1. Can you tell me which residue within region 13-26, out of those that are within 22 Å of Ile66 (Cα to Cα), more than 8 Å from the ligand (Cβ to nearest atom) and not β-branched (Val, Ile, Thr), is surrounded by the fewest Cβ atoms within 10 Å (Cβ to Cβ)?
2. Could you list all residues from region 124-140 that are at pLDDT below 95 and surrounded by 18 or more Cβ atoms within 10 Å (Cβ to Cβ)?
3. Output the residues belonging to region 81-140 that are in contact with a strand residue (DSSP E or B) (Cβ under 8 Å, 6 or more places away or on another chain) and hydroxyl-bearing (Ser, Thr, Tyr).
4. List pairs: first residue in region 109-123 and more than 10 Å from the ligand (Cβ to nearest atom), second residue basic (Lys, Arg) anywhere in the structure, Cβ distance under 7 angstrom, at least six positions apart or on different chains.
5. When the residues of region 90-105 are narrowed to those that are under 14 Å from the mean Cα position of the chain (by Cα) and near the ligand (Cβ under 7 Å from one of its atoms), which ends up nearest to His131 (Cα to Cα)?
6. Could you please find all residues in region 35-49 being surrounded by fewer than 21 Cβ atoms within 10 Å (Cβ to Cβ) and within 15 Å of the ligand (Cβ to nearest atom)?
7. What number of residues within region 107-121 are at pLDDT 95 or above and farther than 21 Å from Val69 by Cα?
8. Against the conditions (1) buried (at least 17 other Cβ atoms within 10 Å of the Cβ); (2) under 23 Å from Ala138 (Cβ atoms), where does Gln97 fall short? Just the number, please.
Amino acid sequence: MTTYDPNNIFAKILRGELPCEKVYEDEHTFAFMDIMPRADGHVLVIPKNPSRNLLDADPQDLERAIATVQKLARAVKAGMNADGITLQQFNESAGGQVVFHLHFHILPRWEGVSLRPHTGAMAAKEDLQRHAQAIRAALK
Ligand code: 5GP
């Protein structure tokens, strides 16, 4: 299937049908903590308008999303005291995509520290809350 599925997990989060640890929201974009972070402070940025990924997205939604990615990347770097940021974005299963609502991964990086492997392990809620709090504070 290559059409947008309105019942994907991120669409449900946007509609408030599933919980998330939100860090930022504006009229067109939304940012929240990845539940299985590959680094402490791993944030996801999504456009509110529906698209599966980069390939079918409206260019205006991409513009708005990347502006929010920059805003959050700065806040993640400052709030998590990171040395750098890795940005990831996957398209279709063959490209590594698992959730089919366009999203950007913002990963804080520290010198000499590798990303954690994908283990499927969920982070403790308190840790996500603490990291989200640090990132929200850096947004102000
Ligand atoms: P991708 O589709 O780019 O491969 O990755 C999807 C990302 O969404 C993964 O990093 C995964 O940990 C995250 N994820 C999957 N389900 C949920 C969820 O229910 N809540 C949150 N906050 N993140 C999720």
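The values are calculated or read from the model by the stated rules, or taken from the named source; none is laboratory data. It should be emphasised that the depicted structure is a prediction, and the values quoted were computed from it without experimental measurement. A quick note on method: Cβ atoms are made from the backbone with ideal geometry, for glycine too, and the neighbour counts reach across all protein chains shown.
1. Top of the filtered list is Arg15.
2. If the condition is that a residue be at pLDDT below 95 and surrounded by 18 or more Cβ atoms within 10 Å (Cβ to Cβ), then no residue fits.
3. Answer for region 81-140, where residues must be in contact with a strand residue (DSSP E or B) (Cβ under 8 Å, 6 or more places away or on another chain) and hydroxyl-bearing (Ser, Thr, Tyr): just Thr86.
4. Pairs that qualify, where the first residue is more than 10 Å from the ligand (Cβ to nearest atom) and the partner is basic (Lys, Arg), are Leu115/Arg38; Arg116/Arg38.
5. His105
6. Ile35, Met36, Arg38, Asp40
7. 4
8. Tallying (1) buried (at least 17 other Cβ atoms within 10 Å of the Cβ); (2) under 23 Å from Ala138 (Cβ atoms), Gln97 fails exactly one: (2).
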